[in-house]
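Notes for the one structure printed next.
All of the numbers you see were taken from the coordinates with simple rules; none came from a lab. Bear in mind the structure is a predicted one, so any value in this text is a computation, not a measurement. We place every Cβ from the backbone using ideal geometry, glycine too, and count neighbours over all the protein chains shown.
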């Protein structure tokens, strides 16, 4: 079995190197990489940890598709050479290892869960809310959705776009029945939510089968549209200002930071 693995470092010689790996029943791509490291190329760099598809460390592009190496069986791939390359959306460190630290910097920008002052529980939450929030909590931060997103991958807009993984995090906070903050304006202005054209490619590559587009991105877009462009909310906010009533702590009546829609 031929496995073509990307080798190289930034500023140095780069390219795919072909290795002959003996196939084994039930073998996954990570097994093939480990065979190469042990028997053929001991300096091949690869990031991995649990080998159980729960740590998100072994992300790579296998035959051109972002996938987890530990979850991708060789016998489920099309016949022919297997190509393994690093995530294209992030800076290369060496071979299959990329620098994904930018994601953690984005994570710091998102205000954490905040309950109402003095509300320390215990809480009673409806089962439907628990089910909805649990889906978002399944994220293992493999960043495959970030890699496949064309805004990050092809246009390199990391300075103005949070990416699918962090829209999932914002959605999990915004939909929590006990959270009192409103992150809609931040997600629109700083997070670049409007740049997403909902192609659902992020949902397709998610190893945890999170419905990123339908259950996170689209609801956030709807909240943003209601807050900025709904004429009823615009009149309501105007009446509140004219009467000196102020804005609600949370919800669509809150005045966006950029003022009312023009």
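Highest mean packing first, where packing is the average number of other Cβ atoms within 10 Å per residue, the peptides 146-154, 121-129, 37-45 line up as 146-154, 37-45, 121-129. Mean residue ellipticity at 222 nm, helices only, the chain: -8500 deg cm²/dmol; runs of at least 4 DSSP H residues each add -39,500 (n - 2.57), and the sum is divided by the number of residues.
Highest average first, the peptides 97-103, 11-17 ordered by how many other beta carbon atoms sit within 10 Å of their residues are 97-103, 11-17. Expressed per residue, the C-alpha convex hull volume of region 101-243 stands at 141 Å³.
Within the chain, DSSP assigns beta bridges of which about 85% are antiparallel (rounded to the nearest 5).
When peptides 66-72, 194-200, 21-27, 205-211 are ranked by their average number of other Cβ atoms within 10 Å per residue, the highest-first order is 66-72, 205-211, 194-200, 21-27.
Pairs of alpha-carbon atoms within less than 8 angstrom and 6+ residues apart define the contacts here; what relative contact order does the chain have, in percent? Provide the component values of the computation, followed by the final result.
Values: 386 pairs, mean separation 39.2, N = 262.
Rounded, it is 15 percent for the chain.
Under 11 Å from a label point set 7 Å out along the Cα-to-Cβ vector of residue 40, the amide N atoms of region 6-31 belong to 6, 17-23.
Computed from Cα atoms, the angle from the helix 218-229 axis to the main principal axis of the chain rounds to 30 degrees.
Contour minus end-to-end for residue 2 and residue 178, with contour as 0.36 nm per residue of separation and end-to-end as the Cα-Cα distance? Write out the running numbers ahead of the final one.
Details: separation 176, 0.36 × 176 = 63.36 nm, distance 5.31 nm.
Stretched fully, the residue 2-residue 178 segment lengthens by 58.0 nm.
Rg/Rh for the chain: what does it come to with C-alpha atoms and Rh from Kirkwood?
Values: Rg = 22.2 Å, Rh = 20.7 Å.
Rg/Rh: 1.08.
Percent of Cα pairs in region 2-98 per distance bin of 10 Å, from zero to the largest separation: 17, 55, 27, 2.
Quick one: length gained pulling residue 222 to residue 104 fully straight, 0.36 nm per residue minus the C-alpha distance? Walk me through the intermediate numbers first.
Working: separation 118, 0.36 × 118 = 42.48 nm, distance 2.63 nm.
The span from residue 222 to residue 104 would gain 39.8 nm if fully extended.
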